[in-house]
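Read through the structure below, which is laid out as structure tokens, and then see the notes.
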Amino acid sequence: MKKLLFAFFSLVVLCSHDMYLKLDTFFLQPNGKAAIQLFNGTFAESENTIDRDRMIDVSVIANGQRRTMDSTHWREEGSVTVLDFTTGEAGTYVVGVSTRPRSLTMEADAFNRYLEHDGVVDELERRRTNDLLDTDATEKYSKHVKTIVQVGEEKTSDWSTPLGYPIEFVPLSNPYDLHPGDPFGVQLLWQGEPLANQLVIVDAEMGGAAHEHGPDADHDHGDGSGGHTHDGMKQLRTDADGTLEFEVSQEGSWFLRTIYMQESTEEGLTHESNWGTLTFGVAHGHSHGAGADHTHEHEGGIAAYAWWIGSIVLVVGLFVYFNKRA
Amino acid sequence: MTGLTTRISVLAIACLAPALLAAHGVSSGDQAILSEGGLLAYVYVGAKHMVSGYDHLLFLVGVIFYLKGLRDIVRFVTVFTIGHSITLIGATYLGIRADEHLVDAVIALSVLYKGFENLEGFKKYLGVRTPNLLVMVGIFGLIHGFGLATRLQSFDIGADQFLAKIVSFNIGVELGQVLALIPIVFLISRWREKESFDALYRSVNVYLCIAGVGLFCYQLYGYFQA
């Protein structure tokens, strides 16, 4: 029964109206063009674009500098809003978008369904406990999304710089030092302070997801046009310090999402919610030593060079030997 | 094996050990090229991987050494190509992969196998008939293709044009293979008529055995260390 409930919960979460910053790849070249997609819908499929006037802040943090992007950097591509920008020097970049609040009035049943579908279980429980399930709601909501990308090889500490959004995930380590199997810690901030006991959904989409599976596959697809998520979706709670930790079990695109909902005392409103997401990529799984700087010289560096020279020396030595014996 | 050969072999393995793990790997530079270069970037990285991935080349060197005449070479290389294309495209498309070290360890065994076979090891040391080479090349082609598929899946290639990207990478592999084979075939063909060809034949195939064992051990070491 618990499994069924979780499967239902997983399904409805995949059908929610979350907002994410997403890239075809989270690994970019320095001084190159980049396109960051703003998905509004699920992680697999964007259902609509976002108007420019809804964006309060669009920022890129790189090499210790924060750059604000104006509306001219955006374009629409079908139902996806795309941010075009040019990367600079190598480093770990942070990109964020914060949207203006909107309000929405819903009848009690619709509001309850939304709370259930979007994983706002604490508020649903509060309504249930206080016998408020029949009460209509007017909710003010805003979304604050963030992605961390790696440009070139050099790692910088920009990943730890908060954007200052009302709700925000801040990693406790550079996600680009991660490999499958590593633990990853994140702190959730509300108005700059740790937010304790908050439900967070964590999941990943494998790279190259356009393949199909048999009917018994344990994957849950969007519409098949995008990637897919796996049954590794986790519901976690932040601890007293607002932190949570999970294992990055596979390579691919990882996302965290949370909706923090409170009762509102503002006139005409019953609730206020702030939606936060964080996305980042985890690439290949070969191992490095602790603290390795992640530079790769596998194919054209000294190691390959040594291999070829060693091989030639060995073959020549063997040739001389066999030729003498002939 | 005489004392001198043993000493040379041990010395070579000791010298090459640090480089063995580097048979091929994923570089962040390649990831960046793939991210921004479109399908041609996949062709380029595929070709680069084949040219620099010396375990594939060593196996082909072993195959070519055994063959006489262009027709034979084309026949065997075609079987190898079909084999690795099937698993490269199929496994990547279906998302099937295995531990990189284990796959590379099996590929290393194919290098050892070819050197051993060329030295008539089956007959001399095992007293059995040599397995059909065309069939074995086809089987090893499938294994090498699975290695290439595992490598390609190490990259974050996204969901757009997924099949086209795999096919482009495969085309690159074929181009890289042809580019690498041209000088090898040329050299072996020219040398075949010289008196010293027998010494070259034996030295290269002994080297293939040593390299195969070295690569195999190092990949296993990498597997248990990972």
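The values are calculated or read from the model by the stated rules, or taken from the named source; none is laboratory data. Fair warning: this is a prediction, and the values are worked out from it, not measured in the lab. Cβ sites come from the backbone with ideal geometry, for glycine too, and all protein chains shown count toward neighbours.
Per-structure values
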| read-out | value |
| --- | --- |
| Complete set of residues in the stretch A:239-270 that are buried (at least 16 other Cβ atoms within 10 Å of the Cβ), at pLDDT below 90 and outside any strand (DSSP E or B) | A:GLN250, A:GLU251 |
| Breaking point among (1) modelled with pLDDT under 85; (2) at negative phi; (3) not basic (Lys, Arg), for A:GLY78 | (2) |
| Residue selected from the stretch B:33-84 under the condition of a type in the set (Gly, Ala, Ser) and more than 23 Å from A:GLU153 (Cβ to Cβ), by the criterion farthest from the other protein chains (Cβ to nearest Cβ) | B:GLY69 |
| Options A:LEU278, A:LEU236: the member that is modelled with pLDDT of 95 or more, in the same structural domain as A:VAL94 (by TED's automatic domain parsing) and within 18 Å of the chain's Cα centre (by Cα) | A:LEU278 |
| Any hit, the stretch A:110-132, residues being among the small types (Gly, Ala, Ser) and surrounded by fewer than 19 Cβ atoms within 10 Å (Cβ to Cβ) | yes |
| Residue match in the stretch B:89-99 (condition: touching a helix residue (DSSP H, G or I) at 6+ places or on another chain (Cβ under 8 Å) and more than 14 Å from every other protein chain (Cβ to nearest Cβ)) | no |
| Lone unmet requirement of (1) at pLDDT 90 or above; (2) exposed (fewer than 15 other Cβ atoms within 10 Å of the Cβ) for A:SER225 | (1) |
| B:ASP72 over 30 Å from B:GLN225 (Cα atoms), among the charged types (D, E, K, R) and in a helix (DSSP H, G or I) | yes |
| Every residue from the stretch A:67-121 that is within 18 Å of the chain's Cα centre (by Cα) and part of a loop (DSSP other than H, G, I, E, B) | A:ASP118, A:GLY119 |
| Residue list for the stretch A:13-55, filter: crowded, with 19+ Cβ neighbours inside 10 Å, of a type outside the set (Phe, Trp, Tyr) and assigned to a strand (DSSP E or B) | A:ASP18, A:MET19, A:LEU21, A:LYS22, A:LEU28, A:ALA34, A:ILE36, A:LEU38, A:ASN40, A:GLY41, A:SER46, A:MET55 |
| Subset of the stretch B:190-222 that is part of a helix (DSSP H, G or I), among the charged types (D, E, K, R) and more than 9 Å from chain A (Cβ to nearest Cβ) - its residue that is nearest to B:LEU67 (Cα to Cα) | B:ARG192 |
| Where B:GLY172 falls short, out of the listed (1) within 19 Å of B:PHE122 (Cα to Cα); (2) in contact with a His (Cβ under 8 Å, 6 or more places away or on another chain) | (1) |
| Check on B:LYS124, surrounded by fewer than 24 Cβ atoms within 10 Å (Cβ to Cβ), in a helix (DSSP H, G or I) and not small (Gly, Ala, Ser) | yes |
| Search result, residues across the stretch A:133-162 that are among the hydrophobic types (A, V, I, L, M, F, W, C) and buried (at least 19 other Cβ atoms within 10 Å of the Cβ) | A:ALA137, A:VAL145, A:ILE148, A:VAL149, A:VAL151, A:TRP159 |
